[in-house]
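Below is one structure; the comments refer to it alone.
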Amino acid sequence: MLLTNVTTIKDFFLLGFPGLLPEYYGPVSAFLFLIYLAISVGNIFILVIVICEKSLRKPTYLIFCHLALTDLLFGTVTLPKVISKYWSDNSIVSFYACFTQMYFVTFLGGTHSFILMVMALDRFIAICSPLRYTSLFTNTTVNGLCGISWIMPISWMIGIVIDTMKLPFCNSNIIVQCYCDHISILRLGCENAQASAIVPFGIAMFSLLVPLGFIIISYIFIMIVVLKRSSSTGRLKTLSTCTPQLIITCLHYFPRCFVYMAYIVGFTFNISLNIIIVMMYTHIPAAVNPLIYCFKTQDIKEILKKKWSRGKINFTSKIT
């Protein structure tokens, strides 16, 4: 079939939240700014406390650092444009700026997935081979694995962006989303161009599903080992060490898998619901993760308690 109604696109328009009345633009931009502020402050706090506290320079907390950095960068790549859209009523994003944003969105998403895989490996070794943990999983090993997690997606995601840029677009240049992401841009392609999207889509799925498969297998083995332990107290203590990682992993994967599976089977649902789901799974976890690190890990809680007590003592001594 010949291509019809192929459109040469110089700019895209971000739809944002459809149906939102102009009088709500200010409150929405303020709300999104608060989310961005929470993401920035929370994740910078995690980076600073792990770097400054020698007692936290351990494999698990180094992984938290890498995750915090991906969350911080992802928020910085996506949220400022959405905030400016509603603050200054500017929905236009240039062709190359859109694909640049798409590159960083897919790159950081892939990196985050592989770092979660490293985190699952950390818990697997710590619980299944505790006596070998300190020799196998050193800070150097963790930084090396996380470094690979940053490097690997670079070339893959460049390929995804280049292949997607070559797709013919038909009729519309309106991106039904708050930022330029892979799925939303693919939906603008002509019907007979969808076959050309198989390779970049497959690469994106690979970077999502391979780490997820490894994580599921790791936690199955962890559960088997934990259930073999006779002490119920020991089981609960072991499982509690996995709680932060499990929460973070679920927040990252479940919504993403839902959106990608919906695209594969051709399922479409309410536009507003789709945008809200994507915004929630990409930004709410980034804002919540630092709280999970702080309140679900004993070492960080102890450090915060000590600093709080020391601050209260200093404040009291100054008053008296």
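The values are calculated or read from the model by the stated rules, or taken from the named source; none is laboratory data. This structure is a prediction, so every number in the text was calculated from the model and none was measured. Using ideal geometry, Cβ is built from the backbone for each residue, glycine included, and neighbour counts are taken over all protein chains shown.
How many residues are among the hydrophobic types (A, V, I, L, M, F, W, C), surrounded by 11 or more Cβ atoms within 10 Å (Cβ to Cβ) and not in a helix (DSSP H, G or I) if we restrict to the range 9-33? Show your work before the answer.
First pass over the range 9-33, keeping only residues among the hydrophobic types (A, V, I, L, M, F, W, C): 9, 12-15, 17, 20-21, 28, 30-33.
Next, only the ones that are surrounded by 11 or more Cβ atoms within 10 Å (Cβ to Cβ) stay: 9, 12-15, 17, 20, 28, 30-33.
Still in the running and not in a helix (DSSP H, G or I): 9, 12-15, 17, 20.
So the count comes out to 7.
Have a look at 282, 297 and point out the one that is among the β-branched types (Val, Ile, Thr), crowded, with 17+ Cβ neighbours inside 10 Å, out of contact with any strand residue (DSSP E or B) (no Cβ under 8 Å at 6 or more places or on another chain) and modelled with pLDDT of 80 or more.
On the way: 297 fails: modelled with pLDDT of 80 or more.
The conditions single out 282.
Wholly within the range 44-150, which helices (runs of 4 or more DSSP H) include no fewer than the required count, namely at least 3 residues that are over 16 Å from the mean Cα position of the chain (by Cα) and in contact (Cβ under 8 Å) with a residue 24 or more places away in the chain?
Counting at least 3 such residues, we get 59-88, 95-128.
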